[in-house]
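Colleague: Take this structure first; my questions come after.
The values are calculated or read from the model by the stated rules, or taken from the named source; none is laboratory data. Model, not experiment: these values are computed from the prediction. Positions of Cβ are generated from backbone atoms using ideal geometry, with glycine treated the same way; all protein chains shown enter the neighbour counts. Side chains are part of the model used for accessible areas, which takes the heavy atoms of the whole protein and leaves out ligands, DNA and RNA. Shrake-Rupley method; radii C 1.70, N 1.55, O 1.52, S 1.80 Å.
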Amino acid sequence: MCGIIGYIGKPPVIETILDGLARLEYRGYDSSGLAVLNGQGLYVCKRVGKLQGLREALKGHAFDGHIAVGHNRWATHGSPSEINAHPHTDCSGSLAIVHNGIVENYAELKARLQAQGHQFRSETDTEVIAHLVEEQAKRAPLAEAFRSALKELRGSYAVVLLSTSEPQHLYGARSSSPLIVGLGKGEAFFASDVPAILARTRRVIYLNDHEMVELSSAGAKITTLDGRAVTRRSSLVSWDLASAQKEGFAHFMLKEIHEQPAAAEQTLFNRLAQDAGQLAFDRRTSGFLSRLGAHERLVIIACGTAYHAGLVGEYMLEEFAKIPVVVDLASEFRYRGPMLDRDTTVLAITQSGETADTLAGIRLAKTQGAKVLAICNVMGSSIAREADAVLYTHAGPEIAVASTKAYTSQLTALYLLTLHLAKVRATLEPARWQELAQGLQRLPTLLQRALATERPIKAIARRYAAARDFYYLGRRYNFPSALEGALKLKEICPRIHAEGYAAGEMKHGPISLIRKGWPVVFIATDSPIYEKVISNVEEIRARKGECLVIASEGNKAVARHAEALITVPKTEELFSPAVVAVPLQLLAYHIARLNKCDIDQPPNLAKSVTVE
Ligand code: F6R
């Protein structure tokens, strides 16, 4: 949600900023802008729409410099327009601010600054930061002016400041919004996320909330907002540039769908022994899991796709590890007054580790004495750092707005956790445990085989591409799959209405909508209630709905219940949500492609939702 890049080093900085912004476009794409010190002063350029507009506006400009900031916007305060795009400048036009987050007390600050004579141009909350710094800088050096301004802000921010008064420095700070420092050879960066700087450096410093950085091409000086010096070692990120590029695929989403076998394999790697007899986690996670008491209960919190992974987790953890589980949308959990105690573990599931609601949820949990475990994909992210322990998914960077490989990796981590808890709680016969562990070991292969559904799915997508309403139905472990399948389609195909339901719920209302030809995607893989699912299929067909059924390979009888059929590799029911996720993602992708949708950057959305 909004992408920030700051650079100090050597020319050509405009290309460096545009390159960084291109890699951050998944965070916001309603407008973009940059500010550069070009020797004569501060040059600011902004454009509405995709980054290409800014790129074109800058074509042919002969100037360049050694220091600049850039921003991709996902609008919160003020509609997408050139005036509201970042960077925002002060009255004198000599300092520029880029910001991700929300300044909650901006109205009050703006009124005060206006009374002091400051002229505002935009409708944004961000502009107050520029004027606050300008005001403070009348009395103090820039660093102190920036620090004082930050202390006045309520809400969340990752912010970078560039000023003509200090052409050798950029200043940055964060509070509940992500900001990292990248250190290269004779150059340094601020960025919202690692992919923005991977082409230049893998050496990063993760900042904590309420820390401020004075950045020069020689390095970073970190202090707290109270002015205390902070010593922080840099880390080397393991992601490489290739993992953040499309590598011949038409879209990041398609590439990431195809990366799922490898992502699951990486997530299992070194944790599930070759002979599937043992599980191993890193020291911090093992220690954490060994402290879980006999009366432990789990509260899973997450948003969107990660929430759907949590719902699958509830089924498996209760069935196999016999541990009571509640699953909450993080955005509800934080405001519903949940009852937590020392026997509660809050399990936060998140790809980015920066989702504002999930982060607020774990903070609330900690204040109530609960323990916090995270399933997270991004090392060094806020949630990874604030949780007591982390079970990392090793999916690599996920760039497409629609989450795919992160989802199946989250499921993989949940399988590991379930098996681990089943073992320590002795809730499964050893032979059954072994069977499940072997099943989990086969998961990457099953995901690979599920990718073979792409060919038949392309044909099915052509058949349904013109439909404007879809239902997705499933039961038990695949009720969350139905929610996830529908979310994928509506997310990347904004003209299509798609809803996921528990198939058994249809008769309680939604079935009234079924009309002739209405496509209904049924997940009817092998399960103890397979026959009941088929009865639900027939209820839809009796009302002339068209059923696209996803069933297990080898099920010969199912074809007569389906207008269209996709088969996926046979597996234990608990692993089926991961396997069926693949055709569901591919179906959404190919329908979106036929509808000429902007698949990697759907309107109104952005990845990594760092605002409430
Ligand atoms: C859907 C999607 C979102 C995210 C949600 C949580 O495809 O990407 O629904 O799953 O915003 O994000 P993380 O996992 O980063 O907390």
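Colleague: Quick one: check the C-alpha center-to-center distance for the range 282-332 versus the range 433-498, whole angstrom.
Modeller: Using only Cα atoms to place each centre, the spacing works out to 23 Å.
Colleague: What ranking, highest mean first, results for peptides 396-403, 558-565, 161-168 when packing means the other Cβ atoms within 10 Å averaged over each residue? Intermediate results must be reported in sequence, preceding the final value.
Modeller: Details: 396-403: 25.0, 558-565: 16.4, 161-168: 19.4.
Averaged packing, sorted descending, gives the order 396-403, 161-168, 558-565.
Colleague: Among Leu416, Val568, Leu42, whose Cα sits farthest toward the positive end of the charge dipole of the chain (+1 at Cβ of Lys/Arg, -1 at Cβ of Asp/Glu, about the Cα centre)?
Modeller: So the residue we want is Val568.
Colleague: Name the trypsin sites (Lys or Arg not before Pro) in the range 201-252 that are in a loop by DSSP and that have at most 11 other C-beta atoms within 10 Å, would you?
Modeller: Values: sites: Arg202, Arg203, Lys221, Arg228, Arg232, Arg233, Lys246; in loops: Arg202, Arg228, Arg232, Arg233, Lys246.
Answer by residue number: Arg228, Arg233.
Colleague: In whole Hz, with x marking every Gly and Pro, tabulate ³J(HN,Hα) for the range 343-349 from phi via Karplus 6.51 cos²θ - 1.76 cosθ + 1.60, θ = phi - 60°.
Modeller: 8, 10, 10, 8, 9, 9, 10
Colleague: Right, next: What Kirkwood hydrodynamic radius, in Å, does the chain give when the mean of 1/r is taken over all pairs of distinct Cα atoms and then inverted? Before the final figure, lay out the partial values.
Modeller: Numbers: mean 1/r = 0.0395 Å⁻¹.
Hydrodynamic radius (Kirkwood, Cα only) of the chain equals 25.3 Å.
Colleague: Further question: Given a Förster distance of 35 Å, report the FRET efficiency between Ser234 and Cys91 from their Cβ-Cβ distance, rounded to the nearest 0.05.
Modeller: Values: r = 37 Å, r/R0 = 1.06.
According to the calculation, E is roughly 0.40.
Colleague: For the range 77-129, which trypsin sites (Lys or Arg not before Pro) pass both filters: DSSP loop (anything but H, G, I, E, B) and at most 16 other C-beta atoms within 10 Å? Spell out each step's value before the answer.
Modeller: On the way: sites: Lys110, Arg112, Arg121; in loops: Arg121.
Qualifying residues, ordered by number: Arg121.
Colleague: From Cα pairs below 8 angstrom and at least 6 apart in sequence, can you work out the relative contact order of the range 256-441, rounded to a whole percent? Please report the intermediate quantities before stating the final value.
Modeller: Numbers: 328 pairs, mean separation 52.3, N = 186.
Dividing the mean separation by the residue count of the range 256-441 yields 28 percent.
Colleague: log₁₀ I(q)/I(0) of the range 449-594 at q = 0.17, 0.22 Å⁻¹, via Debye over equal Cα point scatterers, no solvent, to two decimals?
Modeller: Once normalised to I(0) and log-transformed, intensities are -0.85, -1.56.
Colleague: So how much slack lies between Arg495 and Glu56, counting 0.36 nm per residue of separation and subtracting their Cα-Cα distance, in nm?
Modeller: Details: separation 439, 0.36 × 439 = 158.04 nm, distance 2.93 nm.
That pair, Arg495 and Glu56, stretches by 155.1 nm at full extension.
Colleague: Then there is this: Please give the peptides 506-516, 585-595, 5-15, 332-342 ranked by average Cβ packing (other Cβ atoms within 10 Å per residue), highest first, as a rough proxy for protection.
Modeller: Ranking, from highest mean packing down: 585-595, 5-15, 332-342, 506-516.
Colleague: A further question on this structure: Kirkwood Rh and Cα-based Rg: tell me the resulting Rg over Rh for the range 3-245, rounded to two decimals.
Modeller: Numbers: Rg = 16.3 Å, Rh = 17.5 Å.
Computed over Cα atoms, the ratio is 0.93.
Colleague: May I pose another question? Using a simple spin-label model with points 7 Å from Cα along the Cα→Cβ vector, what separation in nm is obtained for Arg515 and Ser216?
Modeller: 6.9 nm
Colleague: May I pose another question? Per the 1.4 Å probe, what fraction of the accessible area of the chain, in percent, lies on carbon and sulfur atoms? Each step should come with its number before you reach the end.
Modeller: Working: 11610 of 22840 Å².
Taking all protein chains in place, the chain shows 51 percent carbon and sulfur surface.
Colleague: I'd like the FRET efficiency for Asn604 and Ala542, computed as 1/(1 + (r/R0)^6) with the beta carbon distance as r and R0 of 45 Å, rounded to 0.05.
Modeller: On the way: r = 37 Å, r/R0 = 0.82.
That pair, Asn604 with Ala542, gives E of 0.75.
Colleague: Considering only Cα-Cα distances, which of the following residue pairs are longer than 29 Å: Lys221/Lys405; Lys255/Lys490; Lys405/Lys516; Lys322/Lys458; Lys59/Lys110; Lys458/Lys570?
Modeller: Working: Lys221/Lys405 36 Å; Lys255/Lys490 20 Å; Lys405/Lys516 35 Å; Lys322/Lys458 41 Å; Lys59/Lys110 35 Å; Lys458/Lys570 22 Å.
Beyond 29 Å: Lys221/Lys405; Lys405/Lys516; Lys322/Lys458; Lys59/Lys110.
Colleague: I'd like the per residue volume of the convex hull spanned by the Cα atoms of the range 146-271, given in cubic angstrom. Mind showing how you got there, number by number?
Modeller: Working: hull volume 20.1 nm³, N = 126.
For the range 146-271, the hull spanned by Cα atoms encloses 159 Å³ per residue.
Colleague: Still on this structure: Taking amide H positions as placed 1.01 Å from N in the peptide plane, with prolines and chain starts having none, which residues 5 or more places from Gly184, or on another chain, fall under 5 Å of its amide H?
Modeller: Sorted by chain and number, the residues that satisfy this are Phe189.
Colleague: Amide H of Ile300: which non-local residues (sequence gap of 5 or more, or other chain) have their own amide H closer than 5 Å, using H built in the peptide plane?
Modeller: Placed amide hydrogens put Val326, Val327, Asp328, Leu347 under 5 Å from Ile300.
Colleague: Within the range 77-152, list the GluC sites (Glu not before Pro) lying in a DSSP loop whose Cβ has at most 16 other Cβ atoms in a 10 Å radius.
Modeller: When the GluC sites (Glu not before Pro) of the range 77-152 are filtered for loop state and at most 16 Cβ neighbours within 10 Å, Glu82, Glu104, Glu123, Glu152 remain.
Colleague: Measuring from label point to label point, each 7 Å out along Cα→Cβ, what is the Ala242 to Ile83 span in nm?
Modeller: Computed distance between label sites Ala242 and Ile83 equals 4.9 nm.
Colleague: Report ³J(HN,Hα) in whole Hz for each residue of the range 359-367, in order, from the Karplus equation J = 6.51 cos²θ - 1.76 cosθ + 1.60 where θ = phi - 60°; Gly and Pro get x.
Modeller: These are the phi-based 3J(HN,Hα) values: 5, 5, x, 6, 5, 4, 4, 5, 5 Hz.
Colleague: Volume per residue, Å³, of the convex hull around the alpha-carbon atoms of the range 256-441? Please report the intermediate quantities before stating the final value.
Modeller: Numbers: hull volume 18.7 nm³, N = 186.
Cα-based convex hull of the range 256-441, divided per residue, equals 100 Å³.
Colleague: Explain nothing, just the number: dipole magnitude of the chain about its Cα centre with +1 on each Lys and Arg Cβ and -1 on each Asp and Glu Cβ, in debye rounded to the nearest 20. Provide the component values of the computation, followed by the final result.
Modeller: Values: 70 positive and 64 negative charges, 150 e Å.
So the dipole magnitude of the chain works out to roughly 720 debye.
Colleague: Got the relative contact order for the chain handy, in percent, Cα pairs under 8 Å and 6 or more residues apart? Don't skip to the end; give the middle numbers.
Modeller: Numbers: 1378 pairs, mean separation 72.7, N = 612.
Over the chain, the number comes to 12 percent.
Colleague: Taking H placed 1.01 Å from N in the peptide plane, check which residues at least 5 places from Ser122 or on another chain put their amide H under 5 Å from its amide H.
Modeller: Amide H neighbours of Ser122, under 5 Å, 5+ apart: none.
Colleague: Per-residue ellipticity at 222 nm for the chain, helices alone: DSSP H runs ≥ 4 residues times -39500 (n - 2.57), over residue total, nearest 500 deg cm²/dmol?
Modeller: Calculated at 222 nm, the ellipticity per residue is -10500 deg cm²/dmol.
Colleague: Separate question: Over the range 532-612, average the accessible area per residue using a 1.4 Å probe and give it in Å², no decimals. The partial results should precede the final answer.
Modeller: Details: 2970 Å² over 81 residues.
Per-residue value: 37 Å².
Colleague: Starting at the first residue of the range 195-212, write each ³J(HN,Hα) from the Karplus equation 6.51 cos²θ - 1.76 cosθ + 1.60 with θ = phi - 60°, in whole Hz, x for Gly and Pro.
Modeller: Karplus values, whole Hz, x for Gly and Pro: x, 4, 10, 4, 5, 10, 7, 10, 8, 10, 10, 8, 8, 9, 4, 6, 10, 10.
Colleague: Taking the Cα centre of the range 449-594 as the origin, how large is its charge dipole in debye, to the nearest 20, when only Lys and Arg (+1) and Asp and Glu (-1) carry charge on their Cβ atoms? Walk me through the intermediate numbers first.
Modeller: Values: 22 positive and 15 negative charges, 118 e Å.
Charge dipole of the range 449-594: 560 debye, to the nearest 20.
Colleague: Could you let me know the centre-to-centre spacing of the range 106-135 and the range 381-430, using Cα atoms, in angstrom?
Modeller: About 44 Å separates the Cα centre of the range 106-135 from the one of the range 381-430.
Colleague: Could you give the dipole magnitude of the range 358-453 about its Cα centre, charging the beta-carbon of Lys and Arg +1 and that of Asp and Glu -1, in debye to the nearest 20?
Modeller: Values: 10 positive and 5 negative charges, 17 e Å.
The calculated dipole for the range 358-453 is roughly 80 debye.
Colleague: Could I ask something else about it? Please give the per residue accessible area of the range 401-487, computed with a probe of 1.4 Å over protein heavy atoms only, in Å². Walk me through the intermediate numbers first.
Modeller: Numbers: 3070 Å² over 87 residues.
Heavy-atom accessible area per residue stands at 35 Å².
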